[in-house]
1. Pairs needed: first member in the range 31-49, without any contact (Cβ under 8 Å) to a residue 40 or more places away in the chain and more than 10 Å from SER5 (Cα to Cα); second member anywhere, charged (D, E, K, R) and surrounded by fewer than 13 Cβ atoms within 10 Å (Cβ to Cβ); C-beta distance under 9 Å; at least 6 residues apart or different chains.
Amino acid sequence: MSKGSDLRRRAGQVMPAGVYGHVSTRLLPDAYPQFMSRAEGAYVWDVDGNRYLDFMCAYGPNLL
């Protein structure tokens, strides 16, 4: 089991739909990266160590 799956399950116990805000994650696949651990430049990393190119114009890095 991945760290992301564990965090998603934990979030579902304390927040409606498992996420703070207006976006529901119920229709997303289990492997969808919902929790990020760090960001650098145009890249973000999820809690499982996977690197992604940030196509949201630094929305993720600015939050981190």
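The values are calculated or read from the model by the stated rules, or taken from the named source; none is laboratory data. Please read all numbers here as calculations on a predicted model, not as lab measurements. Here Cβ is always computed from backbone atoms with ideal geometry, including for glycine, and neighbour counts include all displayed protein chains. We work out accessible area using only protein heavy atoms, side chains counted, and drop any ligands, DNA or RNA first. Shrake-Rupley method; radii C 1.70, N 1.55, O 1.52, S 1.80 Å.
1. TYR43/ARG51; VAL44/ARG51; TRP45/ARG51
Residues are listed down the side, and each one gets a yes or a no for (1) at pLDDT below 80; (2) open to solvent by less than 100 Å² (accessible area, probe 1.4 Å); (3) not polar (S, T, N, Q):
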| position | (1), (2), (3) |
| --- | --- |
| LYS3 | no, no, yes |
| ARG8 | no, yes, yes |
| PRO16 | yes, no, yes |
| ARG26 | yes, no, yes |
| ASP30 | yes, no, yes |
| ALA42 | no, yes, yes |
| ASN50 | no, yes, no |
| ASP54 | no, yes, yes |
